[in-house]
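Worksheet for the structure shown next.
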Amino acid sequence: MKFDPKKTTARMGLISLALALAASTAAAQTQVTITHSSPEDSHFGEAAQAFKDVVESKMSGDFNVVIQRLDNEREAIESVQFGSQECSITSAGPLGNFIPETRVFDIPFLFDGYDHARGVLDSDIGQDMLGTFNNYGLIGVAWMENGFRNLTTGTKTVNSPEDLKGMKIRTMENEIHMRAWNAAGVLPTPMAFSELPPALQQGTVDGQENPVSVILANNLDQMQNHLYMTRHVYSPGILLCSLAFWDGLSDDQKAIFLEAGNAAKEADRKRVSEDEKAGVDKLRERGIEVVEIEDREPYREAMSGANASFDEEFGANLIKQIREWKPQ
């Protein structure tokens, strides 16, 4: 083939132009990092992907959403609050250390079931709560969920709340949860989720409590022998963004991020519902003993010693309003 310097020069010029355009496009994109604490194939993983899909499809390439796993949820919230990352999906448990008002949702036996819990969070009660986040350098984009928490143990068995007395149970770093477990005679052992698997393997704690979706996605059944369906606490999640990042968005962009948050919420709830239905059978197949708690009243009563402090902290009227919420 005969060498043609003119064609070679033209070809190199086209390549240079393409590279320059690509670099310009990349430079024009704003990277948005969103973290969560669960595997990619999980309720939080699906929520993060739904969020990414909406933002990137609606923004015409203006934003590049990068999904990362970060097990330490307290660290994730701090990073969003300080503005070192844009967004995060986390459990609401550690959130109370940053926004004390949200702890009301952690009260044991506050919600009757998923319809009740989701309805409250979608109502003015939940939305008004999101409105308080900006006082703490955060934007509450949408409520997520982990689901109802259940107890698992290793070698120890639980036939009644009396058997819980003296047990060391891992809890989230959440004062409301710890107060309720203390009332039941448990020795609550708060630790970050990243520290839980080795603690279970080494016998540092006798058990832990998490929703079925979390137990399943993180293979916690491999380190536990018994699952008790206590459904003692509904565990919300939250999609947070940095206030500084949010203030830099236009009104149209904010509307799209809120739409993405709603898509994430729906994907999250759908997966939690699926895991709740199929997850128990799957856990049984894996070999963990699953015990349905038909009468939860003894467990409610065991934790009721903390109720007076909850009324004092959050107001008996608000708690009553949540307990008695009905769809309009």
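The values are calculated or read from the model by the stated rules, or taken from the named source; none is laboratory data. Since we're looking at a predicted model, the values are computed, not measured. All Cβ positions, glycine included, derive from the backbone under ideal geometry; neighbour counts span all protein chains shown.
Being farther than 19 Å from Ala142 by Cα and at pLDDT 95 or above is a property that Asn64 has.
In the stretch 171-199, the residues that are in contact (Cβ under 8 Å) with a residue 40 or more places away in the chain and more than 16 Å from Thr152 (Cα to Cα) form Cβ pairs under 6 Å with partners that are assigned to a loop (DSSP other than H, G, I, E, B) and of a type outside the set (Val, Ile, Thr), at six or more places apart or across chains, as follows: Asn174/Gly93; Ala180/Pro108; Gly185/Lys165; Ala192/Asn72; Ser194/Asp71; Ser194/Asn72. Scan the stretch 141-161 for residues that are in contact (Cβ under 8 Å) with a residue 12 or more places away in the chain and either surrounded by fewer than 24 Cβ atoms within 10 Å (Cβ to Cβ) or over 18 Å from Leu239 (Cα atoms) (or both) and the total you get is 13. Scanning the stretch 104-137 for residues that are modelled with pLDDT under 95 and among the charged types (D, E, K, R) yields a count of 2. Screening Ala142, Ala199, Ala180 for residues that are modelled with pLDDT of 95 or more, part of a helix (DSSP H, G or I), hydrophobic (A, V, I, L, M, F, W, C) and closer than 20 Å to Gly113 by Cα leaves exactly one candidate, Ala180.
Which one is surrounded by the most Cβ atoms within 10 Å (Cβ to Cβ) among residues in the stretch 212-266 that are within 14 Å of the chain's Cα centre (by Cα) and charged (D, E, K, R)? It comes out as Lys265. Modelled with pLDDT under 95 and either more than 29 Å from Phe82 (Cβ to Cβ) or within 21 Å of the chain's Cα centre (by Cα) (or both) - does that describe any residue in the stretch 184-191? Yes, some residue in the stretch 184-191 is modelled with pLDDT under 95 and either more than 29 Å from Phe82 (Cβ to Cβ) or within 21 Å of the chain's Cα centre (by Cα) (or both).
Within the stretch 279-325, the residues that satisfy the criterion of being closer than 24 Å to Gly119 by Cβ, aliphatic (A, V, I, L, M) and part of a helix (DSSP H, G or I) are Val280, Met303, Ala316, Leu318, Ile319, Ile322.
Within the stretch 2-15, can one find any residue that is exposed (fewer than 12 other Cβ atoms within 10 Å of the Cβ), at pLDDT below 95, assigned to a loop (DSSP other than H, G, I, E, B) and not charged (D, E, K, R)? The answer is yes; a qualifying residue exists.
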